[in-house]
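Here is the structure we will look at.
Laboratory data are not the source of any read-out in this text; all were calculated from the coordinates shown. Predicted model only: the values in this text are computed from it and were never measured. Quick reminder, even Gly has a Cβ in these numbers, built from the backbone with ideal geometry, and neighbours come from all protein chains shown.
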Amino acid sequence: MRLLIMGPPGAGKGTQSAIIGEHYRIPAISTGNIFRLAITNRTPLGERIKRIISEGGYVPDSLTLKVVVSRLNEPDAADGWLLDGFPRTARQVNALDAELAKDGAALDAVVSITADEEAIIHRMLKRAEIEGRPDDNEETIRNRMEVYHEQTDPLLDIYRERGMLVEVDGMGTVDEVSARVLAALAERLGR
Ligand code: AMP
């Protein structure tokens, strides 16, 4: 099973990914988490990207693609995965297509979590107080939203045209949303 989860920052992709990953027994792979870990561990990658992330911009495609390709080649990802936060640019979509083609593999579905923007900005600001992420002040959050609109939101059309998009309303409690996600995926995938 190969899935993507997409949606604006703060829509709850990370939380839903963990639930979907557990349900289908596939690793939920978050580029954002990989990058945050690199920053925490002060690896060379972390040092290169910490400023970009703290400002809410996108890590360059070349770096992002290296990270993703190497993660997808780990043994636990051999039979499937759920990618959370990737692809985010048109170039990443093409690179993912090429990676899949190498293995003669294909995506099964793309989950799109939709949400009211002002509500999620409010939710992110609240989460920022609790979690203290490096990219969590108001200016950064607004910038992340803008970058998302410019670069990532248009990618949904690509997957919609391919007939792969499974759109789910992301407003409500975690349980409400995950019930919707799992029901929509079960209907689409037949399992
Ligand atoms: P996330 O946890 O998915 O919201 O990602 C947090 C931050 O990591 C983003 O705001 C970007 O700066 C960076 N990031 C995560 N995934 C990608 C990606 N696929 N391409 C570029 N930057 C990314």
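Please list, or write none, the aspartates and glutamates whose alpha carbon is within less than 14 Å of the alpha carbon of LYS66, excluding same-chain residues fewer than 8 places away.
GLU74, GLU99
Highest mean first, how do 106-115, 75-84 rank when packing is the count of other Cβ atoms within 10 Å averaged over residues?
Per-residue mean Cβ counts within 10 Å order the peptides as 106-115, 75-84.
Using only C-alpha positions, report the orientation-averaged shadow area of the convex hull of segment 27-98, nm², one decimal.
Mean orientational projected area (segment 27-98, Cα hull): 4.8 nm².
Below 12 Å, Cα to Cα, which aspartates and glutamates can LYS126 reach? Residues fewer than 8 away in the same chain don't count.
Those aspartates and glutamates meeting the cut-off are ASP136, GLU138.
Where does each of SER30, SER178 land when they are ranked from fewest to most other beta-carbon atoms within 10 angstrom? All intermediate terms of the calculation are to be shown ahead of the outcome.
On the way: SER30 22, SER178 19.
By the 10 Å Cβ count, ascending, the order reads SER178, SER30.
Given labels modelled 7 Å from the Cα in the Cβ direction, how far is it in nm from GLU167 to ASN137?
About 3.6 nm, to one decimal.
Shape call for segment 53-138 from the C-alpha gyration tensor, a ≥ b ≥ c root eigenvalues: rounded (a/c under 1.5), prolate (a/b greater than b/c) or oblate? List each step's numbers first, then the result.
Working: a/c = 2.25, a/b = 1.91, b/c = 1.18.
Verdict is prolate for segment 53-138.
Treat every Asp and Glu Cβ in the chain as -1 and every Lys and Arg Cβ as +1, leave all other atoms uncharged, and give the resulting dipole magnitude about the Cα centre to the nearest 20 debye. All intermediate terms of the calculation are to be shown ahead of the outcome.
Working: 24 positive and 31 negative charges, 118 e Å.
For the chain, the charge dipole is close to 560 debye.
Distance between Cα centroids, segment 119-186 to segment 39-53: provide it in whole Å.
Between the Cα centre of segment 119-186 and that of segment 39-53, the gap is 23 Å.
Subtracting the Cα-Cα distance from 0.36 nm times the residue separation, let me have the gained length for ASN94 to LYS66 in nm, one decimal. Spell out each step's value before the answer.
Details: separation 28, 0.36 × 28 = 10.08 nm, distance 1.40 nm.
This chain segment gains 8.7 nm when fully extended.
Would you calculate the separation in nanometres between label points at ARG25 and ASP76, each defined as 7 Å from the Cα along the Cα-to-beta-carbon direction?
Reported label-point gap for ARG25 and ASP76 is 1.5 nm.
If I take R0 = 30 Å and measure r between the Cβ atoms of ALA179 and ILE52 in this structure, what FRET efficiency does the formula 1/(1 + (r/R0)^6) give, to the nearest 0.05? Could you put the intermediate results ahead of the total?
Working: r = 36 Å, r/R0 = 1.19.
The pair ALA179/ILE52 has a calculated efficiency of 0.25.
Under Stokes-Einstein, with the Kirkwood radius over Cα pairs standing in for Rh, what whole-number D in µm²/s applies to the chain at 10 °C and 1.306 mPa s?
94
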